[in-house]
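All remarks here apply to the structure that follows.
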Amino acid sequence: MASFTLQGIPVSRGIAIGRAHLLRPAALDVQHYLVAQEQVEAEVLRLQDAIARVHKELQTIWSDLPQDAPTELGAFIDVHALILSDPMISEAPLDIIRSRHYNAEWALVTQIDELSAQFDEIEDDYLRERKADIQQVAERVLKVLTGSAHSVPRSDGVDERNANMIVVARDISPADMMQFRDVAFSGFVTDEGGQNSHTAIVSRSLGIPAVVGMGNASRLIEQDDWLIIDSDAGVVIVAPTTLVLEQYRERQSVLQKARKKLNRLRKTPAVTQDGVEITLLANIELPEDAAHALEAGASGVGLFRSEFLFMESSGQEHKMPSEDEQFEAYRAAVLAMKGRPVTIRTLDVGADKPMDSSEHNVLNPALGLRAIRYCLAEPQLFLTQLRAILRASAFGQVKILIPMMAHGFEIDQTLAMIEQAKQELKAEGRDYNAELQIGAMIEVPAAALALPMFLQKLDFLSIGTNDLIQYTLAIDRADHEVAHLYDDLHPAILQLLQMTIAAAQKAGVPVSICGGMAGDVRLTRLLTGMGFRELSMPAALLPEIKQEILNTRVEALQPHIKKILRSYDAAAIRETLAVMDAIGKTLH
Ligand code: PEP
Ligand code: MG
């Protein structure tokens, strides 16, 4: 096979080398995980059992047919029984389990997808339509399988083979992405998505090389193709030559060594050469991530995206976590951080983070009932979360962060609900920190433009640059077609950042950044020069940002920062940034 290269949008760092692991759209409707070698035969048996049960079901339906049932009905059931017995259904998926270690559901839909594609090629209309029968039979088997799926332990046994797989898909929902946390894939490639789509965010927090917005990679790449992801360049090389493969292996090992070296900075405080201390915090999605945050040397959690506790992967029945379940999760993160602050953001669902797949039909989700709007529309759900967070606040330094604030009354209502939650807990004799700090995310331009509306009522602010850019520049952050317009150096963004920090400083309210800009090493000097003293980012990026801070002299940056903030010329802004970079290099 001839080698070719595809270009996309880089969303994380590093190089991954491995074989392509294709996820077709239907495969995303069921759970997909890899089973460990010793569980393969049990998984095969599970699928065989399900098929046998559907056989029985069909027989029962057949024998229960009323006397006057149309004869086609019987024939129809016969066809389904025949399909079920065909080796293409009864044998091939078993081979997939054995060879690729897929779980039974995934193996079945993979085979059905392949068969469906073959059927689409058939000229004969009648035969082509039999595809629907095959799908119906598969549905029956899937129903049986998913009904019994919970009895099968999920694999945490990852072998060398799995670890070298690169997932290739049209798109992966944030919830589906979470499933991959348990299985050590080495990279992600998707056709859709933008630099700060939530899928990109999760891959960054997993510290795994990924390229998104590739257009049609999932159609051009085939199962088991060798791939190299160069995620710094946003490039995927398909079927590389031996020479290229060797060069990349070499680069990969150089990068790994450099990362190890950076990790030695873990305990070094992030202080600039002229003594300005910068607090580096981590963004987490699940309580388990807190351990990585500590390992990377984070001074705390600046953003716990709690919505990931509420998401279900497609194909699973959706169930809200109870107050106790949430409390346990928040407390786990708080305890893991050993006294360091943990900022828990209240539920930010909607837009490209739907709680379940039924939410996909909203007309303009990013402008819809998202985040705080959703919570205020569902007071019971909101109150449950606030109670859980407050209860966790008895175990460490917890702060509450409210997403997507735009109106003054949203703050008032939120504060009233927090007060109500406190009163309820007090009446029940439960502990919480009565002094717990409450902050708002500045991610809607209206909030940045009317900051005084927030300043008197809140203890801190955190700028969500991902949404601030999306809403200011009017580009969907998950849409790869407009990804080239996503520009964090757009003068409008820089002005909004400047306005926010100036107003917050004047009022004595601390302000941090927890969006993607905080973890972008190209922007560290700019942000510290502008006066930001708290940055929150995926743990994997923290050491590199720290090194940049160690090589920065804030005072020396001032004339350049002034120049950038006075400029409305994108090229000139980039040039000045390059000058600042060059100064930084001399400090190494
Ligand atoms: C942001 O918008 O920048 C942010 C940090 O929140 P999220 O990416 O989860 O929307
Ligand atoms: Mg946001």
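The values are calculated or read from the model by the stated rules, or taken from the named source; none is laboratory data. What you see is a predicted model; the values in this text were computed from it and never measured. Quick reminder, even Gly has a Cβ in these numbers, built from the backbone with ideal geometry, and neighbours come from all protein chains shown. For the accessible areas, the whole protein counts, side chains as well, though only heavy atoms, and no ligand, DNA or RNA atoms are used. Shrake-Rupley method; radii C 1.70, N 1.55, O 1.52, S 1.80 Å.
Calculate the dipole size of region 251-346 relative to its Cα centre from +1 charges on Lys and Arg beta carbons and -1 charges on Asp and Glu beta carbons; express the result in debye to the nearest 20. If you can, show how the numbers build up before the last one.
Numbers: 14 positive and 13 negative charges, 200 e Å.
Result for region 251-346 is approximately 960 debye, rounded to the nearest 20.
With a cut-off of 8 Å between alpha carbons and a minimum separation of six or more residues, what is the relative contact order of region 227-317 in percent?
Working: 72 pairs, mean separation 15.9, N = 91.
With pairs under 8 Å counted, the relative contact order is 17 percent.
Which translational diffusion coefficient, to the nearest whole µm²/s, is obtained for region 197-336 from the Stokes-Einstein equation, given a Kirkwood hydrodynamic radius over C-alpha pairs, 25 °C and 0.890 mPa s? Display every interim value, and only then the final one.
Working: Rh = 18.6 Å.
Estimated via Stokes-Einstein, D reaches 132 µm²/s.
Return the ratio Rg/(2.2 N^0.38 Å) for the chain, where Rg is computed over Cα atoms only. Let's see the in-between values first.
Values: Rg = 26.3 Å, N = 588, 2.2 N^0.38 = 24.8 Å.
In units of the globular-protein estimate, the chain measures up at 1.06.
Size of the dipole of the chain about the Cα centre, Lys and Arg at +1 and Asp and Glu at -1 on the beta carbon, nothing else charged, in debye to 20? Working shown, then result.
Numbers: 56 positive and 80 negative charges, 701 e Å.
Roughly 3360 debye, rounded to the nearest 20.
Going by alpha carbons, how many degrees (0 to 90, nearest 10) lie between the helix axis of 554-566 and the longest principal axis of the chain?
With rounding to tens, the tilt is 70 degrees.
What fraction of the Cα pairs in region 538-588, stated in percent, has a spacing above 13 angstrom? If you can, show how the numbers build up before the last one.
Details: 789 of 1275 pairs.
Tail fraction, whole percent: 62.
May I ask you to derive the relative contact order of the chain, considering only C-alpha pairs under 8 Å and at least 6 residues apart, and to give it as an integer percent? Could you put the intermediate results ahead of the total?
On the way: 1093 pairs, mean separation 89.0, N = 588.
Relative contact order of the chain: 15 percent.
Taking only protein heavy atoms into account and a 1.4 Å probe, give the accessible area per residue of region 457-576 in Å².
Details: 4440 Å² over 120 residues.
Each residue of region 457-576 exposes 37 Å² on average to a 1.4 Å probe.
Positive end of the charge dipole of the chain (Lys, Arg +1 and Asp, Glu -1 on Cβ, about the Cα centre): tell me which of Leu82, Leu127, Thr5 has its Cα farthest that way.
Of the candidates, Thr5 comes out farthest on the positive side.
When the dipole is taken about the Cα centre of region 456-506, and only Lys, Arg (+1) and Asp, Glu (-1) are charged at their Cβ, what size is it in debye, to the nearest 20? The partial results should precede the final answer.
Values: 3 positive and 7 negative charges, 76 e Å.
It comes to approximately 360 debye.
So what is the diffusion coefficient of region 406-543 in µm² per second by Stokes-Einstein at 37 °C and 0.692 mPa s, using a Kirkwood Rh over Cα pairs? Each step should come with its number before you reach the end.
Working: Rh = 16.4 Å.
This corresponds to a translational diffusion coefficient of 200 µm²/s.
What is the gain in length, in nm to one decimal, between Phe409 and Asp64 on full extension, counting 0.36 nm per residue of separation less the C-alpha to C-alpha distance?
Working: separation 345, 0.36 × 345 = 124.20 nm, distance 6.16 nm.
Once the chain is fully extended between Phe409 and Asp64, it gains 118.0 nm.
Quick one: pull the percent of accessible area on the chain belonging to carbon and sulfur, 1.4 Å probe, ligands and nucleic acids left out.
Details: 13620 of 25720 Å².
Result for the chain: 53 percent of the exposed heavy-atom area is carbon or sulfur.
In the chain, with Lys and Arg counted as +1 and Asp and Glu as -1 at Cβ, which of these residues, Ala478, Phe454, Thr279, has the Cα nearest the positive end of the dipole, that is, farthest along it?
Projecting each Cα onto the dipole axis, the largest value belongs to Thr279.
Rounded to whole Hz and in sequence order, give me ³J(HN,Hα) for region 458-470 from the Karplus expression 6.51 cos²θ - 1.76 cosθ + 1.60, θ = phi - 60°, writing x for Gly and Pro.
Coupling constants for region 458-470: 10, 8, 7, 10, 9, 8, x, 5, 4, 7, 4, 5, 4 Hz.
Setting aside same-chain residues fewer than 8 positions from Lys143, which lysines have a Cα under 27 Å from its Cα?
Correct list for Lys143: Lys56, Lys131, Lys319, Lys353.
Which of the pairs Lys267/Lys506; Lys338/Lys422; Lys338/Lys506 have their Cα atoms more than 28 Å apart in this structure? Intermediate results must be reported in sequence, preceding the final value.
On the way: Lys267/Lys506 32 Å; Lys338/Lys422 24 Å; Lys338/Lys506 32 Å.
The answer is Lys267/Lys506; Lys338/Lys506.
Hey, could you pull the Cα Rg and Dmax for region 373-454, both in Å?
For region 373-454, the Cα-based Rg and Dmax read 13.2, 42 Å.
Taking region 476-518 as the region of interest, what is the percent of Cα-Cα pairs per 5 angstrom bin, listed from the shortest bin to the one with the maximum distance?
Spelled out bin by bin, region 476-518 gives 5, 19, 20, 23, 15, 9, 6, 3, 0 percent.
Past the 25 Å Cα-Cα mark, which pairs from Lys457/Lys562; Lys260/Lys546; Lys399/Lys426? Before the final figure, lay out the partial values.
Details: Lys457/Lys562 30 Å; Lys260/Lys546 14 Å; Lys399/Lys426 19 Å.
From Lys457/Lys562; Lys260/Lys546; Lys399/Lys426, over 25 Å: Lys457/Lys562.
Over what distance in Å are the Cα centres of region 380-430 and region 1-63 separated?
About 41 Å separates the Cα centre of region 380-430 from the one of region 1-63.
Give the whole-number value, in cubic angstrom per residue, of the convex hull volume spanned by the C-alpha atoms of region 350-486. Display every interim value, and only then the final one.
Details: hull volume 16.6 nm³, N = 137.
Output value, Cα hull per residue: 121 Å³.
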